[in-house]
Each structure stands twice: as structure tokens, then as C-alpha cells.
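One structure is given below, encoded as C-alpha cells.
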Amino acid sequence: MRTPYDRCYSSKFLQVGYSQGMSFLAALLLLYMEPADAFMAFTNILTSSCFVNFYRMKMPEVKMYMYAHEKFFKEELPSLYSHFKKLGIHPEMYMVKWIMCLFCQLLPLDCTCRIWDFFFLDGDVAIFRTGLGILKLLEKDLLKM
């Protein structure tokens, strides 16, 4: 069933359309906000962050974000970076999903909410720091694979 918010979103973001990750963002916002406020927060997230590039699948921009992640990954976790390279695991294989749902599918709600607080304070950089933090946390187990 379409709502007035669907129509508002559709008219404002014609070039973006719908992506599965959006529902996770909207759902988390609706847990803590009234629908109108959640809609405003949702549209602000989409217009003031890297999300619009990922939802539109603007590949040059997405590749730029993946390149930046890969550079920091190589610097911060060189052993795991080499291991991933050897296995043919590229950042696009995990980071795109993490970014598009802002970690909602990956972590428990309380952890996700803390990451969102970090994101609202620091912006896009929080997403990539969190990604590296998760890799660091799982490094020992990932190196065994």
C-alpha cells in the first residue's frame, strides 16, 4: 500500500528509485521517530551522504569509495588485506551491502544504533571506520579461512 511518503519520496528522488537497503534505513528510523520525522531524516541521509551514489549505483563514485576503503584496509590490516587479495575477495563483495543498509543486516540493533550515532556525528567516514573495525574484530577468524 502506497503512503503519502512514498509519493513524496518518488517525486523528490526520481533518479534514485528504490533499493532494498532503503527499507532497513526507513525501518530503523521508524522505530524511534514519527513517520513524518523519519521521512525527513531518511531524505536527509540520502541527500547528504554517500548513499545516493550507492543507491543509484553510480559506478565511478562507488569505485572511488571502494578504492579509499581498500587503501585504508591495506594500511590498517595488511595481513588480512593480503589474505583477501589471495582469496580474490574485493571490498565490493561486502562493503556495498554494509553501506546500503548501514549495518542493519549485519549487527544487533543496539550495535547498529551506536554506529548510526557515530554516522550522524561524523558522516560518511564513520561507515568506513566501522567497516575496518568489523574486519579488525574478525581478523583472526578471517585469516583462518
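Computed values, structure above
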| read-out | value |
| --- | --- |
| Yes/no for residue 41 being touching a residue at least 60 places away in the same chain (Cβ under 8 Å), over 21 Å from residue 133 (Cα atoms) and among the small types (Gly, Ala, Ser) | no |
| Residues of segment 32-54 classified as out of contact with any helix residue (DSSP H, G or I) (no Cβ under 7 Å at 6 or more places or on another chain) and in a helix (DSSP H, G or I), total | 6 |
| Any pair with Cβ under 8 angstrom, 6 or more apart, that starts in segment 85-99 at a residue that is within 15 Å of residue 145 (Cβ to Cβ) and ends at one that is in a loop (DSSP other than H, G, I, E, B) and open to solvent by 60 Å² or more (accessible area, probe 1.4 Å) | 87/145 |
| From 71, 97, 63, residue being part of a helix (DSSP H, G or I), open to solvent by 70 Å² or more (accessible area, probe 1.4 Å), modelled with pLDDT of 95 or more and not hydrophobic (A, V, I, L, M, F, W, C) | 71 |
| Members of segment 104-123 that are open to solvent by less than 90 Å² (accessible area, probe 1.4 Å) and farther than 24 Å from residue 144 by Cα | 104, 108, 109, 111, 112, 113, 115, 116, 118, 119, 122, 123 |
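The values are calculated or read from the model by the stated rules, or taken from the named source; none is laboratory data. Since the model is a prediction, treat every value here as computed from it, not as a measurement. Methodologically, a virtual Cβ is constructed for each residue, glycine included, from the backbone with ideal geometry; neighbour enumeration extends over all protein chains shown. Note: accessible area is taken over every heavy atom of the protein model, side chains too, but ligands, DNA and RNA are not part of it. Shrake-Rupley method; radii C 1.70, N 1.55, O 1.52, S 1.80 Å.
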